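Readers should treat all values here as calculations from the given coordinates under stated rules, not as data from a laboratory. Source: prediction; values computed, not measured.
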Amino acid sequence: MKRVKELRGMLMESDPSVAVTVRKLVMVSLMEIFKDIAPTYRIRPLTAAEKAAKVKKETQRLREFEEGLVSQYKFYLEDLEQTIKDWKQKKRKRSQAEGFQSYRSLAEVDVRCLCELLLALPHFNFHNNIIVILVPLMNDPARKVSVMCCDASRQLFQQDKLGGASIAAVRVVSGLVKSLNYNVRPEVLRTLLSLRIKEVEVKKDVEATAPTK
């Protein structure tokens, strides 16, 4: 994880002549790395008893790797989220048009990375965090960003066989729609048509609304 940490540090590149390009390359590189090395399960924190227990060297190395992986992945997602926040702030200020355009292209790469992680690692840690970041962007005025996020949500619904990720996403979408008083892009609602719903239990609802005799 040492090399990953060093690479992530390059997201803080401050030289204005290369900062945007370097950060784009690092974002995509880290995204591909995490997609490759993340296990096919969610890593849980060790209990105090587990930490105190003696284990084989191989087990200890695995634990250290998993702990480092979760830590670096968390920091990476926080870096991506902060970039989006900075972009939104620049959108509100609209200062220095040329600089704003560069930052918008950076934000678009940022969103693409999050969308790919949303689809590639639905089983892994912090998946709900990615959903919370991306769902509001489904309704973003920037069409390219909105389309990427809506497409990613649609694909998530289509490929989600267990339903857990879909439920989490639908809850966030529902909260977004209500918070905006239902004034959202039609595309946001159309993504829900991709949900893998075969049956809906309406019996209880019907009974609850039926007039009493």
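A few remarks follow.
- Percent of Cα-Cα distances greater than 21 Å, calculated over the stretch 126-199: 17
- Note that the chain shows a convex hull volume over its alpha carbon atoms of 177 Å³ per residue.
- Mean projected area of the Cα convex hull of the stretch 52-151, taken over all directions, amounts to 8.1 nm².
- Structure-based [θ]222 nm, the chain - -39500 (n - 2.57) summed over DSSP H runs of at least 4, per residue, nearest 500: -23000 deg cm²/dmol
- 5 angstrom amide H check on residue 43, placed H, neighbours 5+ away: 125
- Under the Karplus curve 6.51 cos²θ - 1.76 cosθ + 1.60, θ = phi - 60°, whole-Hz ³J(HN,Hα) for the stretch 102-113, x wherever Gly or Pro sits: 5, 5, 5, 5, 5, 5, 5, 5, 4, 5, 4, 4
- Kirkwood radius for the stretch 1-109, taken over all pairs of different Cα atoms as the inverse mean of 1/r, rounds to 16.1 Å.
- Take every Cα pair under 8 Å whose residues are at least 6 apart in sequence, average their separation, divide by the length of the stretch 1-132, and the relative contact order is 37 percent.
- Length-normalised contact order for the stretch 126-199 - Cα pairs under 8 Å, 6+ apart - percent: 39
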